[in-house]
Amino acid sequence: MRIALVHYNVNRIANEPGNKTVMKHFGHMPNIQLLYVAAVLERLDVEIEYYDMVGMRIDEAELAVRLKKFDPQIIGLSVYTSHFHQAISYAGFFKTLLPNVKILFGGVHMAIFPLETLRYGPTVDFGCVGEAEMVLPEFIRRLHSNASLEGLPGLVWRDGEHIRFAGPAPKNLNLDATPFPARHRVPNEVYFNFISTYRNYTVFNSSRGCPYPCIFCESAQTQWRSRSAENVVAEFELCYENFGIREVDIFDSSFTVEKQRVLEICRLLIAKGLHKKMVWNVRSTIKMMNDELLEALREAGCYRIFYGVESGNEEILKGLRKPVKLERAERIIKKTHDVGISTFGYFLIGAPGETLETARQTIDFAKRLPLDFAIFNTLIAFPETALYKQHYLPHVQTDFWADYLTQPKAVTDFMGRPWTEMADDEMGRLCHKAMNEFYFRPIQIWRALRSVRSLDQVKRYSHAGVDMLVDYALKRNAR
């Protein structure tokens, strides 16, 4: 059996957060979820081809040539709900090239809309609902033996005119048994994000799920499972020895859920000398960070921490279910800065109860913190979040995301924020103003310059800065 996996470049849509200038310069990162799928498939009796259209600089014409030559029986895509229509478009493109090919969708989207995906995506044949290692081995075994797919947990499939689904797969409770992502299939040297320092660069997961109840996150209060410290450090070592990777970006929702595991990871990285060969960064809640962890992280080579600060108003934070005192946030970020770890703050505009005054408090609070980087986004209600179910659906006539799948193309109209009286264009202006106020200060320019380690960084920062100024000037003139 031959299976192709395609990481396609996504286009930004109307109902996604993000400053356009920032997203333009955001960079290109490996699709770690799809690389896990590749690693799982490599353990099975199948041939694999992996295509990262951006990283490998493959346009649709070349992709068509490669796919026809490989002639896969299955093509797999990782899908987000916001990019559903683009994924469907690619599925149609593949079916035109190879009429007998089967299309397999996976990703977060499938867990939310398993039946709807096949109902409104006639070119989709299978969906993986759950983690690849819990679904694909049995799926491939049954395909090889021509056995029935009936009753296979985690698989949604088309059976003639019917769509079958036996329910989601159980969660993997032994993450150490999962193979490391198949990084040998991608050009690790081309990946970067806007503020990454070194190449080769990769992204990394040391845990899955998140125990915290933030109302805007699709991972909120999902079962948290972690890999052992030994397993995590073994992947660090493999990244360095086999792929020359010098920077690791750990994308766990919060790396610091379990203190002793973090301390053991740091100890092992130092024991193996990897703290002198690689740098890495993590995401953490303010709540779970402390002085001991900060010292250990710095010693082990962690050079940046991303904090979800979100707001400079404590009532807004309570509404977001992030009940953190601003004084503690300020102290932890200052301590992070003082121990020599770079800081990045995430902020949201447009939370339930947001007013012009509370938004202004957030901007001023961000400017008061010793942050090296910050980003200000407008809040969007994604499917299955508490924000969507509790603050959006009760105030509107239609289920936006469920209806979204039924449309022939991505909806360009803004879905709205019924939980606040602030207008969308006003929030957009505030986010834009916040970015300019934050970055175009002498101290912030100095912080950015101080973090530069390569000519590549100088170019990226310069281009982004010019674009921000031009965008600001154009918007100001338009007003």
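Every residue, every condition in (1) part of a strand (DSSP E or B); (2) hydroxyl-bearing (Ser, Thr, Tyr); (3) out of contact with any Pro (no Cβ under 8 Å at 6 or more places or on another chain), yes or no:
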residue: 223; (1), (2), (3): yes, no, yes
residue: 236; (1), (2), (3): no, no, yes
residue: 240; (1), (2), (3): no, yes, yes
residue: 245; (1), (2), (3): no, no, yes
residue: 248; (1), (2), (3): yes, no, yes
residue: 253; (1), (2), (3): no, yes, yes
residue: 257; (1), (2), (3): no, no, no
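Could you tell me which residue of region 299-335 is nearest to residue 273 (Cα to Cα), considering only residues that are of a type in the set (Ser, Thr, Tyr) and touching a Lys or Arg at 6+ places or on another chain (Cβ under 9 Å)? Full working, then the answer.
The first filter runs over region 299-335 and keeps only residues of a type in the set (Ser, Thr, Tyr), leaving 303, 307, 311.
If we keep only those that are touching a Lys or Arg at 6+ places or on another chain (Cβ under 9 Å) as well, we get 307, 311.
Values: 307: 27, 311: 38 Å.
So, considering only residues that are of a type in the set (Ser, Thr, Tyr) and touching a Lys or Arg at 6+ places or on another chain (Cβ under 9 Å), the one nearest to residue 273 (Cα to Cα) is 307.
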### Query
Taking only pairs six or more apart or across chains, which ones have beta-carbon atoms under 7 Å, a first residue in region 208-235 that is in the same structural domain as residue 255 (by TED's automatic domain parsing) and free of Cβ contacts under 8 Å to residues at least 60 places away in the same chain, and a second residue that is among the β-branched types (Val, Ile, Thr) and part of a loop (DSSP other than H, G, I, E, B)?
211/257; 224/257
### Query
In region 212-227, is there at least one residue being surrounded by fewer than 19 Cβ atoms within 10 Å (Cβ to Cβ), at pLDDT 95 or above and either of a type in the set (A, V, I, L, M) or more than 23 Å from the chain's Cα centre (by Cα) (or both)?
no
### Query
Do we find that residue 298 is over 26 Å from residue 239 (Cβ atoms) and of a type in the set (D, E, K, R) in this structure?
no
### Summary
Here the residues within region 46-89 that are among the basic types (Lys, Arg) and within 24 Å of the chain's Cα centre (by Cα) are 57
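Being touching a Leu at 6+ places or on another chain (Cβ under 7 Å) and aromatic (Phe, Trp, Tyr) is true for just one of 216, 194. Which residue is that? Working first, answer last.
On the way: 194 fails: touching a Leu at 6+ places or on another chain (Cβ under 7 Å).
Step by step, each of 216, 194 is checked, and only 216 is touching a Leu at 6+ places or on another chain (Cβ under 7 Å) and aromatic (Phe, Trp, Tyr).
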### Query
Is there a residue being outside the structural domain of residue 357 (by TED's automatic domain parsing), in a helix (DSSP H, G or I) and modelled with pLDDT of 90 or more anywhere in region 405-423?
yes
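Among the candidates 341, 363, 333, single out the residue that is within 30 Å of residue 248 (Cβ to Cβ), in contact with a Gly (Cβ under 9 Å, 6 or more places away or on another chain) and crowded, with 19+ Cβ neighbours inside 10 Å. Outline the logic, then answer.
On the way: 341 fails: in contact with a Gly (Cβ under 9 Å, 6 or more places away or on another chain); 363 fails: within 30 Å of residue 248 (Cβ to Cβ).
The conditions single out 333.
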### Query
Given the conditions (1) in contact with a Leu (Cβ under 8 Å, 6 or more places away or on another chain); (2) surrounded by fewer than 16 Cβ atoms within 10 Å (Cβ to Cβ); (3) not β-branched (Val, Ile, Thr), and given that residue 242 satisfies all but one, which numbered condition is not satisfied?
(1)
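Residue 430 - would you say it is more than 26 Å from residue 124 (Cβ to Cβ), touching a helix residue (DSSP H, G or I) at 6+ places or on another chain (Cβ under 6 Å) and not assigned by TED's automatic domain parsing to the domain that holds residue 118?
Details: more than 26 Å from residue 124 (Cβ to Cβ): yes; touching a helix residue (DSSP H, G or I) at 6+ places or on another chain (Cβ under 6 Å): yes; not assigned by TED's automatic domain parsing to the domain that holds residue 118: yes.
So residue 430 passes the test.
Among the residues of region 277-312, which ones are touching a strand residue (DSSP E or B) at 6+ places or on another chain (Cβ under 9 Å) and among the polar types (S, T, N, Q)?
The initial filter retains those residues of region 277-312 that are touching a strand residue (DSSP E or B) at 6+ places or on another chain (Cβ under 9 Å), namely 278-286, 289, 293-294, 296-297, 300-312.
Correct list: 281, 284, 285, 311.
Looking at 192, 180, which one is surrounded by fewer than 19 Cβ atoms within 10 Å (Cβ to Cβ) and either out of contact with any helix residue (DSSP H, G or I) (no Cβ under 7 Å at 6 or more places or on another chain) or among the aromatic types (Phe, Trp, Tyr) (or both)?
Working: 192 fails: surrounded by fewer than 19 Cβ atoms within 10 Å (Cβ to Cβ).
Selected residue: 180, the only one of 192, 180 that is surrounded by fewer than 19 Cβ atoms within 10 Å (Cβ to Cβ) and either out of contact with any helix residue (DSSP H, G or I) (no Cβ under 7 Å at 6 or more places or on another chain) or among the aromatic types (Phe, Trp, Tyr) (or both).
The values are calculated or read from the model by the stated rules, or taken from the named source; none is laboratory data. Values in this document were obtained by computation on a predicted structure and should not be read as measured data. Note: ideal-geometry Cβ built from the backbone for every residue, glycine included; neighbour counts use all protein chains shown.
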